[in-house]
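Structure first, then comments.
The values are calculated or read from the model by the stated rules, or taken from the named source; none is laboratory data. None of these values were measured; they are calculated from a predicted model. Note that we place each Cβ from the backbone using ideal geometry, even for glycine, and neighbour counts take in every protein chain shown. For the accessible areas, the whole protein counts, side chains as well, though only heavy atoms, and no ligand, DNA or RNA atoms are used. Shrake-Rupley method; radii C 1.70, N 1.55, O 1.52, S 1.80 Å.
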Amino acid sequence: MNMTIEASEMNDLFVTREAKKSLKFAYCIVTALSLLAVSSPAASQDCTAEASERIGHKKHPRSHTFSEFSEITITDVAPQNDKFDFDSSGQYRVVGNKINTSGGCRAVFTVTGKKADCDSTDPTDPTDPTDPTDPTGVDIAEVPLFLTRQSEPNVMFLLDDSGSMQFELMPDDLTYLSARYIYPRANDLYGGSDYTNRVPTFNTSGDAAIFNAITRSPQNNSIYYNPSTTYEPWTKEDGTLFQAANPSQAYHNPMDESKGSRNLQQENSFQMNGNTNSDKWVECTKPNDCNLQERTERFWPAFYYWYSGGDSESEKWKIANYQRVEIKRQSDGGADTYTGHSREFRHDCADADNATCTYEEEIQNFANWYTYYRSRILAARAGIGFAFVQQGSGMRVGFGTLNQDSNDVDGVSTDVIDDGVRVFQGSDREDFFDNLYERTLSAAGTPLRYALDKAGQYFERSDNKGPWGANPGTDDNTEHSSCRRSYTVLMTDGYWSGGSSNDADEANARKNVDGSDGPTITGPNGLSYQYKASEPFKDNRDNTLADVAMYYWNRDLRPDLDNNVAPLKKNPAFWQHMSVYGVGLGVSGKEDPDAAFKAIEDGTTINWLDPKSSYSNCTDSGAGDDACRARSDDLLHAALNSRGGFF
């Protein structure tokens, strides 16, 4: 399994498309970051080499140190046992020059690494010199050698901190009558404002039992507990893990124990009376046939429903297609062991080969899910953490959130960006993980266009403390590198917010940028490029996320620097620019990402849907049936326009 493949080429291991997206989220980020690493200087120096090693054990954790390297990047994973899910980055991680594997993960790992004690700067060309799709019109081999001497790339990571990240159901189609939580929630759970405390009923009998089954089955609610998945606690910046959750005191938020906990090993009781946070139970007997209830419900908290029906909507609303499994001690009416339901993919169960886990193994796994993965933001933090802990000092990483208020970023007042880029090591690495896990969430919108514009403006800075400086954050007068790449990784769980308040701040970025020819950019040895409005990039509308991405790609962001960025196979830019990597958590549109990126080569027309940017929400009356899919596709379109990637 090559790390440079598109997400759609990964092995299909789970029952539904939505479940696949959620469970592969961490791997998608790993893949995106690996692609950035492949195009970073570590891939183009004589100091790099490749090595392969079989690592792992059937049942026990293992570790291997590549002592010949100072740091490594995984480029390929060849599973040695196809019963296990090697697409999950939680089963293996890189820390410096070491790979740690969990029990059950056995594979041949191929890595690219920087040789220990090597400081050579002689370049080699990692790209295909005869690529017929290279829009520069020149072979890479004909580019001057100094263009291949690349500096560590800048990576600005933007986390979606919108209100929907609090949700414990996914996709949004399940949130009938605003049922956003799967358990009664604590107040201010993530430090900011909440939504109304509406929860699907725990009814196990009668017509309303079906909504309980649908929302608490992993085949329908892709972030609910899945018995085929091993849920590890979050990773710390040094690769060690947080403490395993306590089944009798599983915290609602692992970063704020004051918010309380849930005992998963005894019956729970909760009263919904409508007096606090509009507390109500949501009952549904069929799609859009729902009502609100105020009453006390008693329920066993550790359970799931396993769906075995077909793909049609009518099949999903038949209770006969579900099996309810309660995770209880045998003395409480449960079982000593739990079998089937794809448990052979687990790596925390001693008898996983026979798809069997003990009660202790199962309740521990459920508790870890509850504390570390139960909501969209918890699952996202887990995936992002596992992805970034594998990265070394070969990139300079910054952090931002969509709704970050104005603050000082290395001497410049800005919003969205929280921390400017820094070499990903030491205290700066620690700060990234602190930001990731401790960021406050409120009931706010998803201003992707505004946020991406702010990231682009950040990459236009020319001061020494900015992203192009030799030592960002300090007034170091060392000459700025003219060959550095810059990326924004934009992670979101939903459709961007429309309306003028969420528009890009830069007026020119709100124009139909991809539908208009760009400026002519020149470089060394007579290099010249001008973006011509063409397929598959152009459309006939303005004010889209794709327009913002194109605005910061087809212009020279640092006209005062020489244009010495080495063109890549899929990216002709030799000037300072920003590329976008979009990572969607549980969102999908009309266009197929593989086909869209292939269209760059063959010029296939893509009829991009209209995202109706003037409407605040894509579900607003008058926005039309396609607005939500269009806004999802707009993230793909942005990645395409900026020659980035989409996962």
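Annotations for the structure displayed:
- Peptides 609-621, 626-638, 560-572 ranked from most to least packed give 626-638, 560-572, 609-621, packing being the mean of other C-beta atoms within 10 angstrom over each peptide's residues.
- Charge-dipole axis of the chain as Lys and Arg at +1 and Asp and Glu at -1 on Cβ define it, positive-most pick from 533, 327, 258: 327
- Put simply, the convex hull of the Cα atoms in the chain casts, on average, a shadow of 27.3 nm².
- Using only side-chain charges placed at the Cβ, +1 for Lys and Arg and -1 for Asp and Glu, the dipole size of the chain relative to its Cα centre rounds to 1460 debye.
- Listed residues 196, 215 arranged by accessible area, highest first, probe 1.4 Å: 196, 215
- Accessible area (Å², 1.4 Å probe, nearest 10) - residue 57: 60
- Residue-level accessible surface for residue 47, protein heavy atoms, 1.4 Å, Å²: 10
- Residue pairs, from the table 590/612; 532/570; 454/511; 286/328, whose Cα atoms sit over 18 Å apart: 286/328
- Per residue accessible area of the chain, 1.4 Å probe, in Å²: 37
- Mean-position separation - Cα centroids, the stretch 538-583 and the stretch 330-352, in angstrom: 50
- Long-range amide H partners of residue 157 with built H, under 5 Å: 398, 399, 400, 489
- The angle between the Cα long axis of helix 426-438 and the main principal axis of the chain comes to about 40°, on a 0 to 90 degree scale.
- Model label sites at residue 196 and residue 236, defined 7 Å from Cα along the beta-carbon direction, differ in position by 4.3 nm.
- Carbon and sulfur %, accessible surface of the chain computed with the full protein complex present, 1.4 Å: 41
- Rolling a 1.4 Å probe across all protein chains gives residue 313 an accessible area of roughly 90 Å².
- Accessible area in the full protein assembly, largest first, 1.4 Å probe, for 395, 255: 255, 395
- Working from Cα pairs under 8 Å separated by at least six residues, relative contact order for the chain is 15 percent.
- Of 478, 435, 619, farthest towards positive along the dipole that unit charges on Lys, Arg, Asp, Glu beta carbons give the chain: 619
- Helix 627-641 axis, angle to the chain major axis (alpha carbon atoms, nearest 10°): 30
- Protection proxy ranking of 299-305, 433-439, by the mean of other Cβ atoms within 10 Å over each peptide's residues and highest first, is 299-305, 433-439.
- Shape call, the stretch 235-369: gyration tensor on alpha carbons, a/c limit 1.5: oblate
- Once the C-beta distance of residue 331 and residue 263 is scaled by a Förster radius of 22 Å, the resulting FRET efficiency is 0.85 to the nearest 0.05.
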